[in-house]
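Structure, as structure tokens:
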Amino acid sequence: MVSIDELHAADPPQAWRAAGFSVDSDDVCRVGDVRVRLAGDGTGILGWTLRGLPADGDVDGIPTLRSDTEPASPAEHPNGVTSIDHVVLLSPDLDRTVASLAAIGLEPRRERDAELGGQPMRQIFYRLGPVILEVVGAAGVANDGPSSLWGVTYVVADIDATAAFFSDRALPVKDAVQPGRRITTLRHRDLGMSVRTAMISLPILGA
């Protein structure tokens, strides 16, 4: 089974600590069983490390390393984060991205039509261990260029407490697309972070 070992983020560790994430001395933030390695050089999510791959190599243009490392042990975070709910992959060519993911053994679990920035989009969902990969792109469009890891949504124990922690550095809490769940989006740049970040309440059992 393919699963995420690490996400490689360009942000400086001190920005994440200021945003209520616990960061180890090796500049790794452990969220659930995933490690977020903070490089402090560049913008956004630079790439990832996956278990279950035969070798290193790009996945539709995303720098990808192979890992045999055991899952991380979860850390406690002052902002209330407990795990990663989903990672968003932005695709310029959905057919090409789906083929690239199939080549490493991933098959879609679900698809739906949605909007991003007011534009119609297609969402295709995959499961990478406990983390959902949400692939987003315009249906029927085939542009050149690589896909990118666009942002991360984290599960929090108490969405209202997390919103209060961030105060005006987060948008008002609202109902999420997922039934019974609520979500807030961080003003990540106000926190010195380049990774787009949202926080979502716990899953509803049986939903």
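Can you tell me which residues in segment 138-178 are within 24 Å of ALA9 (Cβ to Cβ) and polar (S, T, N, Q)?
Selection gives SER147, SER148, THR153, THR162, SER167.
Report, by residue number, each residue of segment 39-71 that is within 22 Å of ARG196 (Cα to Cα), among the hydrophobic types (A, V, I, L, M, F, W, C) and open to solvent by less than 70 Å² (accessible area, probe 1.4 Å).
ALA39, ILE45, TRP48, LEU50, VAL59, ILE62
Give the residues of segment 177-191 that are modelled with pLDDT under 95 and open to solvent by less than 70 Å² (accessible area, probe 1.4 Å), sorted by residue number. Quick ask: steps written out before the conclusion?
First, the residues of segment 177-191 that are modelled with pLDDT under 95: 177-180.
Within segment 177-191, GLN178, GLY180 qualify.
Conditions (1) of a type in the set (Asp, Glu); (2) closer than 24 Å to GLY47 by Cβ, marked per residue:
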| site | (1), (2) |
| --- | --- |
| ILE124 | no, yes |
| GLY129 | no, yes |
| ALA139 | no, no |
| TRP150 | no, yes |
| TYR154 | no, yes |
| ASP158 | yes, no |
| PHE165 | no, no |
| SER201 | no, no |
| ILE204 | no, no |
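Please work out which one of (1) of a type in the set (D, E, K, R); (2) more than 16 Å from TYR126 (Cα to Cα); (3) in contact with a Pro (Cβ under 9 Å, 6 or more places away or on another chain); (4) touching a residue at least 60 places away in the same chain (Cβ under 8 Å) is the condition GLU6 fails and give its number.
Only one criterion in (1) of a type in the set (D, E, K, R); (2) more than 16 Å from TYR126 (Cα to Cα); (3) in contact with a Pro (Cβ under 9 Å, 6 or more places away or on another chain); (4) touching a residue at least 60 places away in the same chain (Cβ under 8 Å) is unmet by GLU6, namely (3).
Any idea which of (1) farther than 23 Å from LEU116 by Cα; (2) free of Cβ contacts under 8 Å to residues at least 40 places away in the same chain is the one ARG187 doesn't satisfy?
The single condition ARG187 does not satisfy is (1).
Can you tell which of ASP113, ASP144 is part of a strand (DSSP E or B) and either at positive phi or exposed (fewer than 11 other Cβ atoms within 10 Å of the Cβ) (or both)?
On the way: ASP144 fails: part of a strand (DSSP E or B).
Result: ASP113 is the single residue among ASP113, ASP144 that is part of a strand (DSSP E or B) and either at positive phi or exposed (fewer than 11 other Cβ atoms within 10 Å of the Cβ) (or both).
So, ALA170, is that one among the aliphatic types (A, V, I, L, M) and open to solvent by 50 Å² or more (accessible area, probe 1.4 Å) or not?
It is false that ALA170 is among the aliphatic types (A, V, I, L, M) and open to solvent by 50 Å² or more (accessible area, probe 1.4 Å).
Of everything in segment 15-35 that's more than 25 Å from ALA102 (Cβ to Cβ) and touching a residue at least 60 places away in the same chain (Cβ under 8 Å), which residue is most open to solvent (accessible area, probe 1.4 Å)? Even if it seems obvious, please write down each step before you answer.
Within segment 15-35, the subset more than 25 Å from ALA102 (Cβ to Cβ) is 15-32, 35.
If we keep only those that are touching a residue at least 60 places away in the same chain (Cβ under 8 Å) too, we end up with 15-16, 18-21, 31-32.
Values: ALA15: 10, TRP16: 2, ALA18: 66, ALA19: 0, GLY20: 4, PHE21: 6, VAL31: 1, GLY32: 11 Å².
Going through the qualifying residues, I end up with ALA18.
Out of segment 72-93, which residues are touching a Pro at 6+ places or on another chain (Cβ under 9 Å) and open to solvent by 50 Å² or more (accessible area, probe 1.4 Å)?
Of everything in segment 72-93, just one residue is touching a Pro at 6+ places or on another chain (Cβ under 9 Å) and open to solvent by 50 Å² or more (accessible area, probe 1.4 Å), namely THR82.
Any idea which of SER167, SER194 is polar (S, T, N, Q), free of Cβ contacts under 8 Å to residues at least 12 places away in the same chain and more than 19 Å from GLY61 (Cα to Cα)?
Exactly one of SER167, SER194 is polar (S, T, N, Q), free of Cβ contacts under 8 Å to residues at least 12 places away in the same chain and more than 19 Å from GLY61 (Cα to Cα), namely SER167.
Restricting to segment 150-186, count the residues that are touching a Phe, Trp or Tyr at 6+ places or on another chain (Cβ under 8 Å) and farther than 15 Å from TRP16 by Cβ.
Residues flagged as touching a Phe, Trp or Tyr at 6+ places or on another chain (Cβ under 8 Å) and farther than 15 Å from TRP16 by Cβ within segment 150-186 amount to 1.
The values are calculated or read from the model by the stated rules, or taken from the named source; none is laboratory data. Computed from a predicted structure; not experimentally measured. As a convention, Cβ positions derive from the backbone with ideal geometry for all residues, glycine included, and neighbour counts pool all protein chains shown. Remember, those area values only see protein heavy atoms, side chains included, never the ligands or the DNA or RNA. Shrake-Rupley method; radii C 1.70, N 1.55, O 1.52, S 1.80 Å.
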